[in-house]
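Structure, as structure tokens:
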Amino acid sequence: MAKILVFNNDTDRMETYYRGESEAMPYNANRTLTVGEFRGSSGSPTLWTTKRAMQSFNTTRYLFGAPIPVGFAFKRPWEGGHGSQSQHYAGVAFDAGQVLSNTQRNRLRNTAISSGVWSYVEPASLTPTWVHFDKRFGRPACGTAGYPLIRQGSISTYVLIAQDDLNTLGFTTGGLDRNIWI
Ligand SMILES: [Zn+2]
């Protein structure tokens with residue numbers, strides 16, 4: 001049973017769900033994204049995402065017209081698998097299509113691009129054997145990319161990422177389920 005925190009972009013509130021690994025993610029339509037698929041190899045007891053990310057996955061699945069095999073979506077930065085320049089935004093990014101043929105993978109990438117619902121789709125030159133698309137929000141803290149600036153009172157999935165990283169480094173943040181990082 002995973003605890004799933006979902007930032008609701010419509011209400012600006014964090015919602016809490018408890019779901020089994022084979023159950024659908026919150027706001028997922030037609031059970032095309034299970035908790036287990038979203039989790040991938042992450043060992044985190046708490047997962048997080050946003051309502052918009054789930055809705056964007058629904059739209060992409062609808063437009064693609066076929067199941068989207070997800071390699072992993074959720075992964076905390078320190079859980080590895082990505083380098084120091086990673087663009088994989090924990091909780092709102094997907095790595096998908098690893099098991100598809102090249103033709104189908106390109107079709108998935110083009111579907112993600114033309115859908116217009118993703119903030120960023122990684123070019124094939126950087127992810128030739130999978131498709132990365134993500135739903136960022138907020139303005140990056142540095143000019144080109146990166147996490148947005150967060151401060152006291154911020155409510156977002158990025159607060160959870162920061163809390164998780166700080167916990168890992170031995171700092172106390174009062175848990176992962178607080179909306180406000182102080
Ligand atoms: Zn990625």
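All of the numbers you see were taken from the coordinates with simple rules; none came from a lab. None of these values were measured; they are calculated from a predicted model. Don't worry about glycine lacking a Cβ; one is built from the backbone with ideal geometry, like all the others, and counts go over all protein chains shown.
Quick notes
- In a reduced charge model with +1 at each Lys and Arg Cβ and -1 at each Asp and Glu Cβ, segment 2-168 shows a dipole moment near 280 debye about its Cα centre.
- At 1.306 mPa s and 10 °C, Stokes diffusion of the chain via Kirkwood alpha-carbon radius, µm² per second: 96 µm²/s
- Cross-link partners of Lys3 among lysines (Cα-Cα below 18 Å; sequence separation of 8 or more within a chain): Lys51, Lys75
- Per-residue [θ]222 nm for the chain (sum of -39500 (n - 2.57) over DSSP H runs n ≥ 4, rounded to 500): -7500 deg cm²/dmol
- Lys/Arg +1, Asp/Glu -1 at C-beta; the chain dipole; positive extreme among Gly138, Ser156, Ser22: Gly138
- Check: segment 41-121 dipole with +1 on Lys, Arg Cβ and -1 on Asp, Glu Cβ, in debye: 160 debye
- Taking the average, over residues, of other Cβ atoms within 10 Å as the packing measure, peptides 100-106, 21-27 rank 21-27, 100-106 from highest down.
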